[in-house]
Every structure is written in C-alpha cells, then in structure tokens.
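Data block below; observations after.
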Amino acid sequence: MGEIRKKLAELDPVWSCIREEGLRTVEAEPLMGGLVHASVLHHETLESALAFRIAQKLASGEMSEQLVREIADAAYRDDPELGKAARADIVAVHERDPACHRLIQPLLFFKGFQAVQAYRVANYLWRCKRWDLAFFFQMRASERFGVDIHPAARIGKGIMIDHAHSIVIGETAVVGDDVSMLHSVTLGGTGKENDDRHPKIADGVLIGAGAKVLGNIRVGHCSRIAAGSVVLKDVPACKTVAGVPARIVGEAGCDHPSMEMDQLLADQV
Ligand SMILES: CC(C)(COP(=O)(O)OP(=O)(O)OC[C@H]1O[C@@H](n2cnc3c(N)ncnc32)[C@H](O)[C@@H]1OP(=O)(O)O)[C@@H](O)C(=O)NCCC(=O)NCCS
C-alpha cells in the first residue's frame, strides 16, 4: 500500500499532496469531514474532484449538479490540458498568495481559482462550438464568483486571480502564462473598436487591484500594472506603469513580478 502511494505521489504530486492534506484536515477538524470527503477524498483524480466542485458551485434551478458535473467530467476526459493547467494554477496560487499555505485551499475555498477552472471548461465548450453551454458556464461563474470571463478569451496556465471580486475579461482578450491579477481588474474594450478589441497580456505580468486595461493593446512580458491604473497604450516588457492614464514609472524590478507578487516600491530608473 505504501509503495502504491509512493508511486501515485511521483505520478501526480499535486493531487497526492491535496489528498494528504485532505486527510489531515478531517483529522484536525472533523466538522469539515463531509465537505472534504465529498470534494477530495472520494475522488481518484484531481479532474474528478474539480468537476464535482465546479458542479457544486455552478448548478442552479436551471441546470442540475449532475448535469454540470457530467459536462465538466467529459471536458476533463476529452482535453487533458485542462487538468494540467489546473495543476499549474494550484501551484501558482500556492507560490504567490501569501495567504495560501496548502494546495487544498484553492480547490476548497478560493473563488478566483474556482472561477478560472469554470472558465477553462467554458472555453473547452466554446472550442467544441457548444456556444450556449459555454455561455451558461460563463453566466453562472459570473453570478457565483463575480468573475466574468468570456469563454472565447484565451488564457494560459499558472494563473492566479487573488480575491477575485469583479473581474471582467473580454471576448478577444489573450492572457499568457504565469499572470497574476488582483480583484476588480478589467481587460476590456474601449467601446471604439470592433472585432479584435481587447488587450493582449504577455507572460509573467502582474495586474494590480482595480486596474483597467482597455483596447487592443499589448502589455509586454513581466510588466507590472499599478493598482487603479487605466492602461490605454502598449506597455513595453519589464516596465511598471501607473496612473490614469497609465505612464511608465519604473522598471518592473524582476524577471517575473507576477510570480513574486512584487508589489513593493522598486528603485526608479
Ligand atoms: C505599481 C506597484 C507594483 C509599485 O511599483 P514601483 O515600481 O515600486 O513604483 P513606485 O511605488 O516606486 O512608484 C513610482 C511612481 O508611481 C506612483 N504610483 C505607484 N503606484 C501607483 C498607483 N497605484 N497609482 C498611481 N500612481 C502610483 C508613485 O506614487 C510614484 O510616483 P512619483 O515617482 O511621482 O513619486 C504598486 O504600487 C502596486 O500598485 N501594486 C499592486 C498592489 C495591489 O494590487 N494590491 C492589492 C492587494 S489586495
């Protein structure tokens, strides 16, 4: 038994760690037993646990938990990239959110993580041309989490959305890998462009709370957007921008600000 566990841990360290943490959670707080068993320990794979959790959150009088779960299960079966991205997201949250001490926390408690996984299933449905089901997932994630991501938006892996109130990501937005954003971020249109009208955010960018990035503009890799900024023009790589409208105020200070969540004041150039 010990050998099998060891092999499983080598094959899927994230899921194996979450299960171990689940056992310890129940031991420490028996009142969490029902939730942890249903959401974690009952499942053989992270994908199965995610489908269950998404279904719990998105089901409503309009669509049963059973049906949402079957749709999500099928998505995870059909597209293994969804599960890989979810693992990268869990690790990202654990590495970057100082309030995240265990891998199980995003799955059980963090609505930013749950919303991103709901988006990933919606995006799968969109790619399968099941537009209305995709819109249903978008609507329910928006109602439930306050995170409104168009299913056609393209989002990389290793994403952290912290706090996750009031996030809007538009239809033609593109978000790279290892991007972090705080609450109340908009990646929206200006209202003046049609078709391809939303921002393109490169890898490793940090977007501070309340920032609005508007229009079909490019934010270069590893840049930082200060809290409350309104970004209307391209941002070069590795710069910090701030203000309304946002202007360059410094170097980003490190290669991966989103990963270090480097929100401190850096030396100015
Ligand atoms: C941008 C940020 C990363 C700091 O970057 P920095 O390169 O260290 O920038 P500095 O703080 O040295 O500021 C440079 C200039 O930009 C200004 N500035 C910094 N943040 C600003 C903001 N959010 N809005 C407007 N101006 C800002 C500073 O006042 C300073 O102006 P000055 O040169 O005239 O004095 C940080 O201010 C930030 O916004 N982090 C996001 C934090 C967040 O969202 N927290 C929510 C937690 S729940």
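Throughout, read-outs are computed from the coordinates displayed, never taken from laboratory work. If you're wondering where the values come from, they're calculated on a predicted model, not measured in any experiment. Every residue, glycine among them, receives a Cβ derived from its backbone with ideal geometry; neighbour counts consider all protein chains shown.
Below is a table of values for the structure above.
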item: Rounded, prolate or oblate (a/c below 1.5 giving rounded, otherwise prolate when a/b exceeds b/c) for region 127-174 by Cα gyration tensor; result: oblate
item: Linear extension gain, residue 45 paired with residue 32, 0.36 nm per residue minus alpha-carbon span; result: 2.7 nm
item: Separation of the residue 127 and residue 102 label points, Cα + 7 Å toward Cβ, nm; result: 3.3
item: Nearest-20 debye value, the chain charge dipole, Cβ charges on Lys, Arg, Asp, Glu; result: 440
item: Segment residue 227-residue 139, extension gain: residue separation times 0.36 nm, minus the distance between their alpha carbons; result: 29.0 nm
item: Debye intensity ratio in log₁₀ form over the Cα atoms of region 1-154, taken at each q of 0.20 Å⁻¹; result: -1.31
item: The chain: equivalent-ellipsoid semi-axes (sqrt of 5 x gyration tensor eigenvalues, Cα, Å); result: 33, 23, 15
item: Straight-distance crosslink candidates among lysines, where the alpha carbon sits under 27 Å from residue 57 and sequence neighbours closer than 8 are dropped; result: 84, 111, 129, 157
item: Options 104, 52, 149, ranked by Cα towards positive dipole end of the chain, top entry (Cβ charges); result: 149
